[in-house]
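Reading through the structure tokens given below for one structure.
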Amino acid sequence: MLDLLSERPRMTNDLVEAFPSLCRTNVMKHLDVLVSAGLVVVERRGRCRWNHVNPVPLDLICRRWLNARTRRMASALQRLKAVVESPMPETDLGEQSEESDDGRGDAGIGAGRTV
């Protein structure tokens with residue numbers, strides 16, 4: 001319903017027709033919930049009820065939700081960068097490969113490095 005209203009304001013009858021599986025009463029109940037949540041604004045013109053989407057609450061919720069997740073993701077990426085770019089500890093690869101010769105001759109990729 002919000003997707004339809006985001007395209008343009010619609011009369012209640014238009015919304016009832018757009019959802020043939022719902023009766024008029026259920027469409028009205030759904031609209032009432034959206035109005036109560038501040039997501040839809042109703043404008044009455046004579047006998048017509050025009051329903052407009054109110055994008056402000058949606059925008060605020062999206063920004064708050066995305067900002068929190070963006071901060072966490074940026075923090076995690078910074079930690080990963082620090083680990084990846086940290087110098088590898090010095091090891092004697094010749095001594096290590098003799099002890100654990102697996103046929104590769106390089107003691108494995110990233111040997112001696114813990115993440």
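The values are calculated or read from the model by the stated rules, or taken from the named source; none is laboratory data. Every value quoted in this text rests on a predicted model; they were computed, and no experiment measured them. Heads up, the Cβs are rebuilt from the backbone with ideal geometry, glycines too, and the neighbour counts pull from every protein chain shown.
Miscellaneous remarks
- Residue within segment 86-93 that is surrounded by 12 or more Cβ atoms within 10 Å (Cβ to Cβ), more than 22 Å from the chain's Cα centre (by Cα), more than 20 Å from Glu7 (Cβ to Cβ) and modelled with pLDDT under 85 present: yes
- Subset of segment 24-76 [within 15 Å of Asn13 (Cα to Cα) and assigned to a helix (DSSP H, G or I)]: Arg24, Thr25, Asn26, Val27, Met28, Lys29, His30, Leu31, Asp32
Yes/no matrix, rows are residues, columns are (1) modelled with pLDDT under 85; (2) closer than 22 Å to Asp32 by Cβ; (3) surrounded by fewer than 11 Cβ atoms within 10 Å (Cβ to Cβ):
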{"residue": "Gln78", "(1), (2), (3)": "no, no, yes"}
{"residue": "Glu99", "(1), (2), (3)": "yes, no, yes"}
{"residue": "Gly108", "(1), (2), (3)": "yes, no, no"}
{"residue": "Gly112", "(1), (2), (3)": "yes, no, no"}
